[in-house]
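Take a look at the structure set out below.
The values are calculated or read from the model by the stated rules, or taken from the named source; none is laboratory data. None of the values given here were measured: they were computed from a predicted structure. Ideal geometry is used to build each Cβ from the backbone, glycine not excepted, and the neighbour counts take in all protein chains shown.
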């Protein structure tokens, strides 16, 4: 399982008009640190910083992840329209063991 850490709950907003479609867009991003491995499966010494696009609720507000530890959910992986493996990150909170 791929581990992730969220350190802040403030999303970044980007909105505008699509260059080719001419349609408005409104995206929310959140910074996430993924704990990855090298090709041999050895853990990297430091997490990799990236931004993920957030899903929205029924009224268009971003579904922000609270600071904490997460795992990448298996539903994050899918086959795109060109037949390649793609990732749309969805995180699941890690629960503390009793």
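Identify, from the list 28, 34, the residue that is modelled with pLDDT of 95 or more, closer than 15 Å to residue 10 by Cβ and in a strand (DSSP E or B). That would be 28, the only listed residue that is modelled with pLDDT of 95 or more, closer than 15 Å to residue 10 by Cβ and in a strand (DSSP E or B).
I'd like to know if the range 87-98 contains one or more residues that are in contact with a strand residue (DSSP E or B) (Cβ under 7 Å, 6 or more places away or on another chain), part of a strand (DSSP E or B) and touching a residue at least 24 places away in the same chain (Cβ under 8 Å). Within the range 87-98 (the criterion being in contact with a strand residue (DSSP E or B) (Cβ under 7 Å, 6 or more places away or on another chain), part of a strand (DSSP E or B) and touching a residue at least 24 places away in the same chain (Cβ under 8 Å)), the answer is yes, since at least one residue qualifies.
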